[in-house]
2 protein chains.
Amino acid sequence: MPREAGARRAGRRPGTSGTRDAILLSARRHFAELGYDRATLRAIAAEAGVDPALVAHFFGSKQRLFLSVVELPFEPAEVLPGLLSGDRESVGERMARFAISVLDDPEARARVVGMVRAAASEPEAARMLRELLTRSLFTPIAEALGEQDAMLRANLTGSQIVGLVMARHVVGVEPLASLEGDALAAAIAPTLQRYLTAPLG
Amino acid sequence: MPREAGARRAGRRPGTSGTRDAILLSARRHFAELGYDRATLRAIAAEAGVDPALVAHFFGSKQRLFLSVVELPFEPAEVLPGLLSGDRESVGERMARFAISVLDDPEARARVVGMVRAAASEPEAARMLRELLTRSLFTPIAEALGEQDAMLRANLTGSQIVGLVMARHVVGVEPLASLEGDALAAAIAPTLQRYLTAPLG
């Protein structure tokens with residue numbers, strides 16, 4: 001479920017130079033085609049026709065450049081209403097199945113794992129991811145829930161999902177890493193259901 | 001709750017040279033005193049009296065060197081029996097309170113966050129962490145539980161705790177990052193209780 005590259009570029013940062021835009025365009029293509037690990041600042045700079053030092057000047061590090069161009073592998077405004085409306089008793093199952101289906105898609109998974117890696121590597125990248133998640137996921141989820149402690153509920157839901165990314169896809173602990181998707185959804189859906197709708201203790 | 005540096009060093013890898021041991025000794029001290037980010041391979045090599053290239057030769061990267069010397073900030077064999085024996089209906093609460101108390105301690109938290117960072121940075125470090133967690137935590141937890149799917153239960157418990165490390169301490173999403181420990185324990189204890197003892201769906 002990739003989104004059109006550059007869809008959110010226009011107007012995103014006022015006063016950007018052509019050089020900066022050329023770097024962003026090149027970075028988007030390299031990260032999308034090669035993944036986080038195989039993309040290099042040198043190759044991104046070469047395709048943008050600039051010196052690698054300029055990339056460092058504008059973006060500081062590969063982590064920060066990555067989070068400047070990365071987007072969630074789905075469009076929250078398109079996906080969240082369907083997950084959060086409907087039967088409130090099964091919202092945890094819908095969220096679990098959606099998260100697992102995203103992480104089952106190799107391209108989407110690579111993007112999510114890249115975000116987690118970047119955030120774990122550098123405090124500035126962690127701050128960028130925090131802002132992205134708060135704006136694009138936690139706030140709309142909390143608004144749709146309309147429950148007491150709704151932001152905390154969204155955070156807790158996110159904590160179980162990012163924990164799944166780490167345990168299943170980054171560290172790869174067994175048997176969790178090989179668990180079939182339906183069994184995994186059954187195991188975590190009640191957790192998400194409680195975080196989203198039940199008394200928090 | 002730091003453990004004695006070097007406690008598990010003897011005999012850990014057969015055929016190590018004096019140089020390798022000197023690097024490990026220096027690395028332990030640097031990571032413990034400076035934390036993962038501020039420790040440098042150059043300074044570790046200098047204190048060991050070796051060329052930095054030798055550190056790269058033996059250990060490949062800072063991540064791998066870190067995971068060669070890091071240990072959990074508690075001794076599982078001392079802690080797990082008390083957590084897992086006793087009233088089975090409150091094992092989730094004991095696990096939640098213990099995890100939160102470890103992460104409340106700055107030195108212990110730095111070590112855990114360093115492990116997560118190293119694993120997120122590099123597949124080889126992720127493999128080392130997977131082996132450490134499987135041997136030191138998941139296997140003894142699964143044996144003590146004696147339930148069906150006990151390893152999966154231990155994995156799922158770990159996934160929520162590592163998710164908490166990421167969401168609360170690495171990415172720092174709010175209000176979860178500022179939530180007081182008792183409220184957090186109340187929120188996640190039922191999750192751990194279900195993963196450890198209830199039907200998994």
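Run through the other copies and list how far each one's label point is from that of residue B:148, in nm with one decimal, shortest first; the point sits 7 Å from Cα along Cα-Cβ.
Here the equivalent label points are 3.7 nm apart from this one.
Compute the signed sum of charges (Lys and Arg +1, Asp and Glu -1) over the other residues within less than 12 Å, Cβ to Cβ, of residue B:64.
On the way: positive: B:62, B:127; negative: B:122, B:124.
The answer is 0.
What is the local net charge at residue A:155, summed over the other residues whose Cβ is closer than 11 Å to its Cβ (Lys, Arg +1; Asp, Glu -1)? Spell out each step's value before the answer.
Numbers: positive: A:130, A:153, B:168; negative: A:149, B:174.
Around residue A:155, the surrounding residues sum to +1.
Where a ≥ b ≥ c are the square roots of the eigenvalues of the C-alpha gyration tensor, would you call the protein assembly as shown rounded, which needs a/c under 1.5, or, failing that, prolate if a/b is larger than b/c, or oblate? Provide the component values of the computation, followed by the final result.
Working: a/c = 1.91, a/b = 1.01, b/c = 1.90.
Taking the square roots of the gyration eigenvalues as a ≥ b ≥ c, the protein assembly as shown is oblate.
What's the angle, to the nearest 10 degrees (0 to 90), between helix A:91-104's Cα axis and the longest principal axis of chain A?
Once rounded, one gets 40 degrees.
Measuring from a point 7 Å out along Cα→Cβ, what nm distances, shortest first, does residue B:105 have to its partners in the other copies?
Label-point separations across copies, in nm and ascending: 4.3.
Given contacts defined as C-alpha pairs under 8 Å and at least six residues apart, what's the relative contact order of the stretch A:54-124, whole-number percent? Walk me through the numbers on the way to the answer.
On the way: 28 pairs, mean separation 33.1, N = 71.
The value is 47 percent.
First check a/c for the stretch B:83-130, with a ≥ b ≥ c the square roots of the eigenvalues of its C-alpha gyration tensor; if it is under 1.5, answer rounded, and if not, answer prolate when a/b is larger than b/c or oblate otherwise. Don't skip to the end; give the middle numbers.
Values: a/c = 4.26, a/b = 1.89, b/c = 2.25.
Judged from the Cα gyration tensor, the stretch B:83-130 comes out oblate (a/c at least 1.5, b/c at or above a/b).
At a probe of 1.4 Å, how much accessible area disappears from chains A and B on forming the pair, both sides counted, to the nearest 100 Å²?
Working: alone 10240 and 10250 Å², together 17300 Å².
Interface area, both chains combined: 3200 Å², rounded to the nearest 100.
If you line up the long axis of helix A:123-133 against the longest principal axis of chain A, both from Cα atoms, how many degrees apart are they, to the nearest 10?
50
Please find, in a Gaussian network model of chain A (springs between Cα atoms separated by less than 10 Å), the residue of A:56, A:185, A:119 whose mean-square fluctuation is greatest.
Looking only at A:56, A:185, A:119, the largest GNM fluctuation is found for A:56.
For residue B:51, tell me the accessible area in Å² from a 1.4 Å probe, rounded to the nearest 10.
90
Roughly how many debye, to the nearest 20, is the charge dipole of chain B about its Cα centre, given +1 on each Lys and Arg Cβ, -1 on each Asp and Glu Cβ, and no other charges?
Values: 24 positive and 24 negative charges, 143 e Å.
Using only the charged Cβ atoms, the result is roughly 680 debye.
Considering only protein heavy atoms and a 1.4 Å probe, what is the carbon-and-sulfur percentage of the accessible area of the protein assembly as shown? Don't jump to the answer; show the numbers that get you there.
On the way: 9440 of 17300 Å².
Carbon-and-sulfur percentage of accessible area, whole number: 55.
For the stretch B:111-180 and the stretch A:105-145, what is the separation of their C-alpha centers, rounded to whole Å?
19
With +1 on the Cβ of every Lys and Arg and -1 on the Cβ of every Asp and Glu, and nothing else charged, how large is the dipole of the protein assembly as shown about its Cα centre, in debye rounded to the nearest 20? Show your work: numbers first, answer last.
Values: 48 positive and 48 negative charges, 237 e Å.
The calculation lands at about 1140 debye.
Got a number for the accessible area of residue A:128? Probe 1.4 Å, square angstrom, nearest 10.
Counting only protein heavy atoms, the figure is 30 Å².
Quick one: label points 7 angstrom along Cα→Cβ at residue A:49, distances to the other copies in nm, smallest first?
Sorted ascending, the copy-to-copy spacings read 5.7 nm.
Which chain B residue puts its Cβ closest to the axis that rotates B onto A, and at what distance in whole Å?
Rotation axis B onto A, closest Cβ, rounded to whole Å: B:163, 1.
Simple spin-label model, 7 Å along Cα-to-Cβ: residue A:61 to residue A:139 in nm?
Taking the two extended label points, one gets 2.6 nm.
So, counting K/R as plus one and D/E as minus one, what does the shell of residues with Cβ under 11 Å around residue B:42 add up to?
-1
For the protein assembly as shown, with the dipole built from +1 on Lys and Arg beta-carbon atoms and -1 on Asp and Glu ones, taken about the Cα centre, which of A:24, A:68, A:56 lies farthest toward the positive end?
Result: A:56.
Grab the Cα-Cα distance for residue B:19 and residue B:38, subtract it from 0.36 nm times how many residues apart they are, and report the gain in nm with one decimal.
Values: separation 19, 0.36 × 19 = 6.84 nm, distance 2.27 nm.
Separation in residues times 0.36 nm, less the Cα-Cα distance, equals 4.6 nm.
According to the square roots a ≥ b ≥ c of the eigenvalues of the Cα gyration tensor, what is the shape class of the stretch B:87-167, taking rounded for a/c under 1.5, prolate for a/b larger than b/c otherwise, and oblate for the remainder?
Details: a/c = 2.33, a/b = 1.29, b/c = 1.81.
It is oblate, given that a/c is not under 1.5 and a/b is not larger than b/c.
Taking only protein heavy atoms into account and a 1.4 Å probe, give the accessible area per residue of chain A in Å². Intermediate results must be reported in sequence, preceding the final value.
Values: 8650 Å² over 201 residues.
Here the residues of chain A average 43 Å² of exposed surface.
The values are calculated or read from the model by the stated rules, or taken from the named source; none is laboratory data. Everything numeric in this text was worked out from a predicted model, so none of it was measured. Positions of Cβ are backbone-derived with ideal geometry, glycine not excepted, and every protein chain shown enters the neighbour counts. The protein model used for the area step is the full one, side chains on, heavy atoms only, and it has no ligands, DNA or RNA in it. Shrake-Rupley method; radii C 1.70, N 1.55, O 1.52, S 1.80 Å.
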